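My questions all concern the structure below.
Values in this text are rule-based calculations from the coordinates and carry no lab data. Keep in mind that what you see is a predicted model, and the values were worked out from it rather than measured. Every residue, glycine as well, gets a Cβ built from its backbone with ideal geometry; the counts of neighbours run over all protein chains shown.
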């Protein structure tokens, strides 16, 4: 099993267990108030292993499987097995932390705020894959046909930004945007030429 499959397996097992055990889920939730006032920094990572329901889990893990596998092949081919695997792990877990920062800053004194799920980390992987392979085809909800990744990316970001500004949902759109930004920056730090290739295609 490759690293992406291992992450998915661990996440599925913990998510199912947490949904049967409210106490375990409570310990894994992302609660900014607890980070600030009780130094429970592990929550920056633990929340990515639990999900609200089956559809939430399935959407994240399917996205991670397809885009994470694509990115894994690229990293390993370009940087070798050990370094490529390390880069993917750093991207995923550091992406989760970075994606959580907006919610932490906004809700650090709100004892009622809770969030969960790997969406921010998965968003980092998705956008790293888009920058690395901008011509691959991706599907988007409500469209019956796939579109190039370099078109999909900006559309996704625009939708997430609109939904974040509008508010009124229980989805952490700021985490999606934060993860996407981290994924883009991560690839650019490794290889700035990928950014130039993306811009050449887009414009």
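Tally the residues that are surrounded by 14 or more Cβ atoms within 10 Å (Cβ to Cβ) and either within 17 Å of the chain's Cα centre (by Cα) or under 17 Å from residue 193 (Cβ atoms) (or both), restricting the search to region 67-84.
Within region 67-84, residues that are surrounded by 14 or more Cβ atoms within 10 Å (Cβ to Cβ) and either within 17 Å of the chain's Cα centre (by Cα) or under 17 Å from residue 193 (Cβ atoms) (or both) number 9.
Given 5, 111, 100, which one is surrounded by 14 or more Cβ atoms within 10 Å (Cβ to Cβ) and within 21 Å of residue 167 (Cα to Cα)?
None of the other options fit; the residue is 100.
Filter region 153-190 for residues that are in contact with a helix residue (DSSP H, G or I) (Cβ under 8 Å, 6 or more places away or on another chain), surrounded by fewer than 17 Cβ atoms within 10 Å (Cβ to Cβ) and outside any helix (DSSP H, G or I) and give the result.
Matches in region 153-190: 169, 171.
In region 191-203, what residues are surrounded by 14 or more Cβ atoms within 10 Å (Cβ to Cβ) and either under 20 Å from the mean Cα position of the chain (by Cα) or not in a loop (DSSP other than H, G, I, E, B) (or both)?
Listed by number, the residues that qualify are 194, 195, 197, 198.
Based on what the data block shows, is residue 59 free of Cβ contacts under 8 Å to residues at least 60 places away in the same chain, surrounded by 20 or more Cβ atoms within 10 Å (Cβ to Cβ), assigned to a helix (DSSP H, G or I) and at negative phi?
no
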